[in-house]
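Asks: Take a look at the following structure, please.
FYI, it's all coordinate maths here, none of it is from the lab. The structure presented is a predicted model; accordingly, all values stated were derived computationally and were not measured. Quick reminder, even Gly has a Cβ in these numbers, built from the backbone with ideal geometry, and neighbours come from all protein chains shown.
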Amino acid sequence: MSAALDLRRVGHAYFGQSVLKGIDLTIAPGEVVALVGPSGSGKSTIAQIAAGLTEPREGRIARSYTRHAMVFQEPRLLPWATARQNIRFALRRSGLPRREWEERVAGAAALAEFDAADLGKYPVELSGGMRQRVAIARALVVEPDFVFFDEPFTALDVALKRRMQDLVIAASRAARFAALFITHDVTEAIRIAHRIAVLDLRGQGIAGTRSLPGEPGTREENFCFILRQRYLAEDPLFRHIHDVDERRRP
Amino acid sequence: MVAAFIRDRADRLLHFLWSGWAGVAALALLAAAWQAGHERWGGFILPDPLVTVRTAWTLALSPDAQAVLWLTGARALAGFALAAAAGVLIGIAAGYAPAVMRLARPLLTVILGVPPIAWIVLAMMWFGTNGTTVAVVILISATPVVFVSAAEAIATRDRGLDDMAEVFGHGLFGRFWHVDLRQAAAPLFPALALALGTAFKVAVMAEMLANAGGIGGALARARAMLDVPEALAWVLLAVVALLVVEYGLIRPFQGEVERWRRAAQPWGVKR
């Protein structure tokens, strides 16, 4: 089976300064890969390049999925449109027949556990968590077979974060989409992914990957916690994960 | 669906009319100050406000004066339409292309530096004393404010929304139409209202100096005859005409586009 997404020797530079070099990453259909790395290592840039928002300076990208969607760190909702119109915005260019839109919007809102009674509200009337639910519904409504998550839950509090993670796990199991999940939270990566890829401290390639046992959603909390401790304490791959060098950020 | 639409509009209209009380209070204050001035300095300097209103009312009912009002109103609107179109088009181009912005900025400074009165003189010599002169002077005086706000609005747009739209398959035109233009609308409306006010003021001034009829011409005649109540009555009518156009044309449009801002306001402080 061919890969859903294949990055080969991808590199990028901002203003002549190389931020990414020699990135090789392959994601199989239905596989959720969490990409972790320290702050400022270029994780988000990889997501942008993989999703086609940024043209890489070098390298090759092969996409064999049919339709992608993205959930950003901020909800990025249109402030002048209601939740319903925001979700519908993704459908406009999807080629799906218009008469199915209403039904699909309702379905996606239910998947994202967004109350149908709030669909007529504007983003300003919604809480941060509800806005992110709308953003997730907007991504799921086009029934993508590949979803990019760019640190989607960083701004949420711990309890809400956990519920959102469960929601993504359930959605990925139900819809069988492949995903590239960018995060700097190792626990989040362990809960959500089939495989963890660790980005090099300076963006000079993928330092290594770790396959996680079992399916996401079936792992016990305790197991996730112990695995996290082991990764951070013993695994050299994760040694620099909490290093922060703000000056290097583009 | 239709019932909800009508209910929503009716709700907003009632809110708007209710907010009119504040406006009425402000106008009553102005009228009181006017009356006090009239009693202090006498009818020649400042005529009785009631007499002025009555004169204005008589004028508004006479067909001749209505024709004068229509003439000035049409000229101001034509000039405003030109200025709005030019300002928005060049402004959007400048917002997307920094090179256009850099070229347009100094030109604007030069244009703004020339006093409007000089433009009137020049336009009179170029086009003669007619409506074209008025429209051209409005175009020159009202375009910069629209241009600057359109350019700023596009240049400072939320690029995150553009990226989002691109992910979901929207091309250049889709992003412009559905995302950037809607974002630019918010700062653009106050600028358009300002441009409309400028259009009316400049229209009256240009008419007076170019002797091109309209309200400006009527004002010139009132001045020649030292008829202060009539002059003030014309001023009153010009202001009313501006208010009618602004609240009949620009504000409803703005209300439609900015419906979501109202939703953000808690109960009791809706303005």
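Asks: Since A:Ala51 meets every condition but one in (1) closer than 27 Å to A:Ile190 by Cβ; (2) away from chain B (no Cβ under 11 Å), which condition does it not meet?
Replies: Of (1) closer than 27 Å to A:Ile190 by Cβ; (2) away from chain B (no Cβ under 11 Å), only one is false for A:Ala51: (2).
Asks: Let me ask something else. With respect to the numbered conditions (1) within 14 Å of another protein chain (Cβ to nearest Cβ); (2) under 19 Å from B:Met164 (Cα atoms); (3) more than 14 Å from the chain's Cα centre (by Cα), which one is the sole condition not fulfilled by A:Gly129?
Replies: (1)
Asks: May I ask you to list the residues in region B:205-237 that are farther than 20 Å from B:Asp48 by Cβ, among the small types (Gly, Ala, Ser) and outside any loop (DSSP other than H, G, I, E, B)?
Replies: B:Ala206, B:Ala210, B:Gly214, B:Gly216, B:Gly217, B:Ala218, B:Ala220, B:Ala224
Asks: Does A:Phe149 count as within 14 Å of chain B (Cβ to nearest Cβ) and buried (at least 16 other Cβ atoms within 10 Å of the Cβ)?
Replies: yes
Asks: State the number of residues belonging to region A:74-84 that are more than 7 Å from chain B (Cβ to nearest Cβ) and in contact with a Gly (Cβ under 9 Å, 6 or more places away or on another chain).
Replies: The qualifying residues number 4.
Asks: In region B:10-38, what count of residues is obtained for those that are over 22 Å from the mean Cα position of the chain (by Cα), loosely packed, with under 11 Cβ neighbours inside 10 Å and not small (Gly, Ala, Ser)?
Replies: Of the residues in region B:10-38, 4 are over 22 Å from the mean Cα position of the chain (by Cα), loosely packed, with under 11 Cβ neighbours inside 10 Å and not small (Gly, Ala, Ser).
Asks: Among the residues of region B:123-156, which ones are surrounded by fewer than 15 Cβ atoms within 10 Å (Cβ to Cβ) and over 30 Å from B:Leu181 (Cβ atoms)?
Replies: B:Met125, B:Trp126, B:Gly128, B:Asn130
Asks: Something else now. Take region B:86-117 and flag every residue that is assigned to a loop (DSSP other than H, G, I, E, B) and either under 30 Å from B:Phe173 (Cα atoms) or touching a Leu at 6+ places or on another chain (Cβ under 6 Å) (or both).
Replies: Matches in region B:86-117: B:Ala97 only.
Asks: Take residues that are touching a helix residue (DSSP H, G or I) at 6+ places or on another chain (Cβ under 6 Å), within 14 Å of chain A (Cβ to nearest Cβ) and among the aliphatic types (A, V, I, L, M) and tell me which of the helices (runs of 4 or more DSSP H) falling wholly in region B:118-190 contain 2 or more.
Replies: Result: B:159-167.
Asks: Would you kindly identify the strands (runs of 3 or more DSSP E) lying entirely within region A:8-112 that contain at least 3 residues that are buried (at least 17 other Cβ atoms within 10 Å of the Cβ), in contact (Cβ under 8 Å) with a residue 40 or more places away in the chain and aliphatic (A, V, I, L, M)?
Replies: Hits in region A:8-112: A:17-27, A:32-36, A:68-71.
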